[in-house]
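As structure tokens, the structure follows; a few thoughts come after it.
The values are calculated or read from the model by the stated rules, or taken from the named source; none is laboratory data. No experiment lies behind these values; they were computed from the predicted model shown. Please note: Cβ atoms are built from the backbone with ideal geometry, for glycine as well, and neighbour counts cover all protein chains shown. The accessibility values were calculated without ligands, DNA or RNA, using every heavy atom of the protein model including side chains. Shrake-Rupley method; radii C 1.70, N 1.55, O 1.52, S 1.80 Å.
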Amino acid sequence: MRLTVIGTGYLGAVHAACMADIGHDVLGVDVDAAKVADLAEGRPPFYEPGFEDVLTRALDSGRLRFTTDLREAAAHGEVHFICVGTPQQAGSRAADLRYVDAVVDGLAPHLSAPCLVVGKSTVPVGTTARLAARVAHLAPPGVRVDVAWNPEFLREGFAVDDTLRPDRIVVGVTGGEADETLRRVYAPMLAAGVPYIDTDPNTAELVKVAANSFLATKISFINAMAEVCDAADADVVTLADALGHDTRIGRQFLNAGLGFGGGCLPKDIRAFSARAQELGAGPAVAFLDEVDAINQRQRTRTVELARRLLGGDLTDRRVTVLGATFKPDSDDVRDSPALAVAAELQRQGAQVRVHDPEGAAKAGLAHPQLRCSADLLTACQGAELVLHLTEWGLYRTLDPVKLARVVRTPLLVDGRNALPHDVWRAAGWTVKGLGRPAPRPEPRSAAPTTETLRTVIASMAAAGPDASAVPASALHVGPVGGR
Ligand code: NAD
């Protein structure tokens, strides 16, 4: 089928490449000419595992092209997917729909044959109906254009797999023809048994924001428990494990820590709350404001913990933040909790260095005042406090014995409760996690005389004053594993 994918960001670029991969003839459209040029050359404009492969495969097949021209898109597509951003409006909690509206306004007048416009962006309930009226007004007389909504549930870090093998496909349609068209688009997924839920547009739009609200609530629930655990000197990880054994609750999304961020969950729960209020259903989702407040509080709590551990004053203290992205396996730094904490520590006087294996460049652009680097050793050298704030797999393979020789003080805040605290303590570190019992005095480990330690010292000596020349693997247990 001839598809267009309008808006080729984290969602649209992956959708476009995957649709071509399953056999469709796809034209990707974006207003960002540099992004279009990169994609057309097979250069992913963002880090997403597996994306480069599927992009290259799709380009090589001849079934994927990119353009900035909406007229070309109008002429190409039987189905037009809208994948542009729907950020939070400045000065309001509501979604900013200007990009979605611009696509409809730019596309509809050029349509010359019957087609289906399908939104994938996350939008407030009622958007499909509003846009259908807009399209009917703008499309040339006699050209039948249907509008449907097909919300996207992909997770950054798993975007390719989630697109090719989704948990479910939800479509909000007003007629059987649109439903038939979407069943043809997703035929390989349906053949593989992926559940397909066809419903009305309002329900489809709500499924997406309800799903994100549930996930956000689960995270904030366990973080609220972490706050109570901190007050009661109890352990939130054991508590979560015990809760998780109950199959009605489940262990997923019960990892207490710094909380959620990114380009979706925070703005989606706020937009949902704002839209519910417009509909007179505000009290039904008032709890989302509390979910948001709990989530924001984890950032403040982490900064306060850092300040406390450094004796109450951050001025000129050397702090290293491990992780800049809002989650591992992505370079997306939008509303990143790790960066928010790093920026606040810096604002309070600390000398902050941020490490991230993939997001350092974007973090540096978003926060020019922070020193961001992809070199672990440089980032950690001389640190008086290390904060683990994004749970990249890379950090789980760090050797705490080796790292203890690089920092000034072996003091760790594990903001994700994802590192083996016992192992770090045995290596001489003082470790604090959110919602974990206060660290008890641990016997310092004997002077580290392991082979690995000799290796790191030797390699540092060989490197001389330019520590960045030391391979990152020098700080890891065995070979550096996955990111
Ligand atoms: P993004 O910012 O990465 O991408 C949006 C793209 O749209 C950008 O490349 C931008 O240049 C382009 N654009 C803006 N206006 C345009 C126009 N008029 N014509 C053509 N292109 C235009 O955003 P994203 O993360 O891909 O999210 C897009 C939507 O998908 C949002 O509604 C988001 O909530 C939703 N969503 C995102 C994810 C995710 O993991 N990123 C998952 C599910 C749903």
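Just a few scattered comments:
- Rounded if a/c under 1.5, otherwise prolate or oblate - region 253-411, Cα gyration tensor axes: prolate
- H80 long-range amide H proximity, modeled H, under 5 Å: T4, L116, V117, V118
- Carbon/sulfur fraction of accessible area - the chain, other protein chains in place, 1.4 Å, %: 55 percent
- Highest average packing first - 37-48, 184-195, 2-13, Cβ atoms within 10 Å: 2-13, 37-48, 184-195
- Electrostatic tally near L370: other residues with Cβ closer than 14 Å to its Cβ, Lys and Arg +1, Asp and Glu -1, net +3.
- Summed side-chain charge close to E177 - residues other than E177 whose Cβ falls under 14 Å, Lys, Arg +1, Asp, Glu -1: -2
- Remark: region 150-222 carries 43 Å² of accessible area per residue (probe radius 1.4 Å; ligands, DNA and RNA excluded).
- Intensity falloff of region 107-252 expressed as log10 I(q)/I(0), Debye formula with alpha-carbon point scatterers, at q = 0.14 Å⁻¹: -0.79
- For the chain, lysine pairs with C-alpha atoms less than 19 angstrom apart, excluding pairs fewer than eight positions apart on the same chain, total 9.
- Listed by number, the DSSP H helices of the chain that run 27 Å or longer by alpha-carbon position along their axis and have mean Kyte hydropathy of at least -0.5 are 201-232.
- Cβ-Cβ FRET estimate between Y196 and R405, R0 fixed at 60 Å, reported to 0.05: 0.60
- Alpha carbon centroid spacing (whole Å) that separates region 328-352 from region 124-145: 41 Å
- Euclidean distance of C-alpha centroids, region 169-228 and region 1-43, integer Å: 22 Å
- Accessible surface for region 1-113, divided over its residues, is 39 Å² per residue with a 1.4 Å probe.
- Note that region 373-436 presents 27 Å² accessible area per residue, ligands and nucleic acids not counted, probe 1.4 Å.
- The chain: calculated mean residue ellipticity at 222 nm from DSSP helix runs of at least 4, using -39500 (n - 2.57): -13000 deg cm²/dmol
- Its Cα gyration tensor gives the chain an equivalent ellipsoid. The semi-axes, each the square root of 5 times an eigenvalue, are 45, 26, 19 Å from largest down.
- The gain in end-to-end length when the E177 to R134 segment is fully stretched comes to 13.5 nm, 0.36 nm per residue minus the alpha carbon separation.
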